[in-house]
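Accompanying notes for the structure given below.
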Amino acid sequence: MQVYRLRRYSEGKHDTMRPLSLILATAACLAPCAALAHPHIFAEARLEIVADASNQITELRNVWRFDELFSSSVVMDFDKNSNAQLDPDELAEVGQTVLDSLAEYNYYTTITDNGKTIKVNKPDAITADYKDGQLLLMFAVKPADVIPLKGNMSFGVYDPTMYTAMDFPTDEDLVPVGDQLKACEHKVVRPDPDEVLAQNQSSLTDAFFNDPTGTDMSKMFATRIEFKC
């Protein structure tokens, strides 16, 4: 994972995000029991899709950046020595907690390879940082199956419980890395929730709204980048 590049991105963004009400790790544990009509947590995201010289997808690099209010709640929960900041050992605990909590949610990663859903392997680590009063999470995931650059592929980040809203501020925050991948036809798709609901009214049952994890249809609402190679 190219931490230097991700850190440059994270240090360069200082726009205030929408407030959050709970720490991410706690929300991941509680989400299945929560009312799922709308998100309760918001994060700005950046996703790099990386392909190598053998024309295969090798990894997806993530940066998630949270606002001051959310970050202050993380400080309150993990600041064991009460010095009003997150020390290296406390940041490591934040990263480990999220690493363990998001495993069952596929690390909010959605990949389709010619219509087939692809899972990801558990990342080696999630790096947490705290800068200018804001929490950042940085990590890379590798596809569990080989994905050659052939046909139609889609990559995005979304919470299948719809408890957390992952926002890509600009299309440039979904980035193809590698000359072969860049050469593929690609576009960023930002679904309109009202249009999705209207177009899929017959298939979105009460079960979807009560437990979208059981239907796997919440991904229709996810911002994503699509490739045709």
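Here, each number is a calculation from the coordinates, and none is a lab measurement. What you see is a predicted model; the values in this text were computed from it and never measured. Ideal geometry is used to build each Cβ from the backbone, glycine not excepted, and the neighbour counts take in all protein chains shown.
Computed quantities for the displayed model
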quantity	calculated
Cβ-derived FRET efficiency at R0 22 Å, Asn114 paired with Ala183, nearest 0.05	0.75
Estimated FRET transfer efficiency (Asn81, Thr58; beta-carbon r; R0 45 Å; 0.05)	0.70
Sites Asp132 and Gln96, calculated FRET efficiency, Cβ-Cβ separation with R0 25 Å, nearest 0.05	0.60
Rough spin-label spacing in nm, given labels placed 7 Å along Cα→Cβ, for Asn152 and Glu104	3.2 nm
Sequence ranges 141-148, 92-99, 153-160, ranked by mean other-Cβ count within 10 angstrom, highest first	153-160, 92-99, 141-148
Formal net charge of residues neighbouring Lys228 (Cβ-Cβ distance under 11 Å; K, R +1; D, E -1)	0
